Amino acid sequence: MDRERHRELYRSETDEHLRLLNRSILAMEGGAHGATEEAFRAAHTIKGLAAAMGEDAVSARAHALEDLLSGALASKEAVGGTRIDELLEAADALAAAIAHGATALPPDAGPVPAPPATYDGGPASVPEGTVRVVNVRLRPETPLRAARAALVRSHAERCGGVLGAWPPPGADTDSVVLFLGAGADEAAIGEAVRRAGDILDVAFEAVEAPRVAPSAPAAPAAASYVRVDRAYLDALAESVAELSVLHERARTAGPALDPAGWQADRVGALLAALRRTVLDMRMVPVGAAFDRFNRLVRDAARTADRDVAFTIEGAEIELDQAVLDAVVEPLVHLLRNAVDHGIEPREVRLSAGKPVRGSIRLAAARDRQSVRFTVEDDGGGIHRARVAARARDAGLPVPSGEPTDDELLRLLAQPGFSTAAGVTTLSGRGIGLDVVVDRLRRLGGAIDLETRAGSGTTFTLRVPLTLALAHALRVRVGGEDYAIPLTHVTEAIALDSAAIEKADADREVIRVRGAAVPLVRLGRVLCAASAGESAAVVAEAGDRRVALGVDELVGHEQILVKPFDAPVNALPVFSGATLLADGRPALLIDPLSVA
């Protein structure tokens, strides 16, 4: 068998069974009926897949896990926390063996270590003058790994003697390689790197002679596989076949074939059907990502010494795979935050008359052309006065009086801001919520906060269903065209100057269905020479509402969204770019970022 040809499919299959394995082991702790049998079947399937691929170490690890599960099956007794920890550790070792392709380890070799990052002839060249290499591995559960890797590089570079690093900034990685020159202080660098947090281990390795490694040949692009419903493939094949026939007839017969335009209409309908089918093929249940959160919350609760009941709702809701991949890290941060900052210690909950066990709920639901994620805890809530005081100490502008939920979110999302009294393995380093907000803005989404003193906090994230195509409202401001995604738009209205009211010296509002809505004139925000606002686009997310004054409403368009790397010091109101129907480029405006 050509193993390399099937390797990616093997990884896809084993990943699915690994998720089932972890889910079943966690269900065993709760005493779920049949969970042990399900975990055993998952381990057995992985063993068979690995044996077929010649992955001996993986097969041995799966076999050892089968033995542990066989003992649990034979005992017919409830499996306790210590035994669950042992099973989860064995599952982690199995996952590590699969991830790193370890094939030469004996069954009793202990935990599978991650191999050192390649630096000789691999994806990174060794800078000239390198005498030592530092291999830094992050903990597997590390959230926002790109940000943590950036911290590792930054801390090390402050010590001097660092000639380079790999991978480049922004990469989502679980390891960082640092290249050190002859004058580097290894002890200082090792200590500085560990201070970055979430570090699994730091290993120094000598380089035989300072040199530049030969350039590595470009690695072939890894194939990726997804499971697709057969009905989607059939519909796609039929539409493509009919389009091919129509194209050939049009090529041979010319304009005389279609005097009434019926074939053009048919081609348009087929293209619309193709678009729907392709988008449906990209959709996956959010439960595919939610599986990992049970383990994450359990481990975080044990680390923070909290008693937590975690529930998931809406796992069947479907979302574009690309959007789901991008929203996982924000959800990871919010869930860990809920455990560490939200749920109080047992004695505090008891003194407040609350159940010893706190609750955290993760829910997904459809909301028009978006998906709404809710992360809710029944903890003590966010201490508004404490946040305001910490913000004042940091020199941030703070409103008079206690901050509202919206003002609180803005303060908490400031880069580097943290209310933690000290650094723990879960939080306290000021990295997280600012990255979460930025990630959602780049997706064209939004985040809201609601906190209640003594009774809990709720974060609500809204993201578009897909990144491929979006419905948008095309507007004109200062002679330029912009697109506003309809994810948060509730209506567009004519703007009558007589309906504009002064809220105070700096703010204007308009009445929309009897309610006062803040008015933001886009011409002023964009520093454009507005010809005068004739319409307002009303956007809403949670309790936040804003009306954007625009010169002209051009109309509704379906757009192809492209990522937008904003230049330095650009206005933080753009969430992407697109090409309009006439071929001209236009920027996408995030309506809630201008409020």
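Descriptive notes on the structure:
- Projecting label points 7 angstrom from Cα along Cα→Cβ for ASP201 and ASP15 puts them 2.6 nm apart.
- With DNA, RNA and ligands ignored, accessible area of ASP367 (1.4 Å probe; Å², nearest 10): 30 Å²
- Extension gain, GLU347 back to LEU243 (0.36 nm per residue minus Cα-Cα distance, nm): 30.6 nm
- Ranking LYS354, LYS502, LYS562 by solvent-accessible area of protein heavy atoms (1.4 Å probe, all protein chains present), from largest to smallest, gives LYS502, LYS562, LYS354.
- Here the translational diffusion coefficient of the range 446-550 follows from Stokes-Einstein with Rh set to the Kirkwood radius across Cα pairs; for 20 °C and 1.002 mPa s it amounts to 139 µm²/s.
- A crude spin-label estimate for the pair GLN414 and ARG302, with each label 7 Å from Cα along the Cβ direction, gives 3.8 nm.
- Efficiency of FRET between HIS383 and ALA515 - r from beta-carbon atoms, R0 45 angstrom, step 0.05: 0.90
- Once the Cβ-Cβ distance of ALA531 and LEU560 is raised to the sixth power relative to R0 = 22 Å, the FRET efficiency obtained is 0.15.
- Most to least accessible of GLU480, GLU205 (protein chains only, probe 1.4 Å): GLU480, GLU205
- ILE493/HIS471 FRET efficiency (R0 25 Å; Cβ-Cβ; nearest 0.05): 0.85
The values are calculated or read from the model by the stated rules, or taken from the named source; none is laboratory data. In this text, all values refer to a predicted model and were calculated from it rather than measured experimentally. Glycine also receives a Cβ, built like all others from the backbone with ideal geometry; neighbour counts cover every protein chain displayed. Note: areas computed on protein heavy atoms with side chains; ligands, DNA, RNA excluded. Shrake-Rupley method; radii C 1.70, N 1.55, O 1.52, S 1.80 Å.
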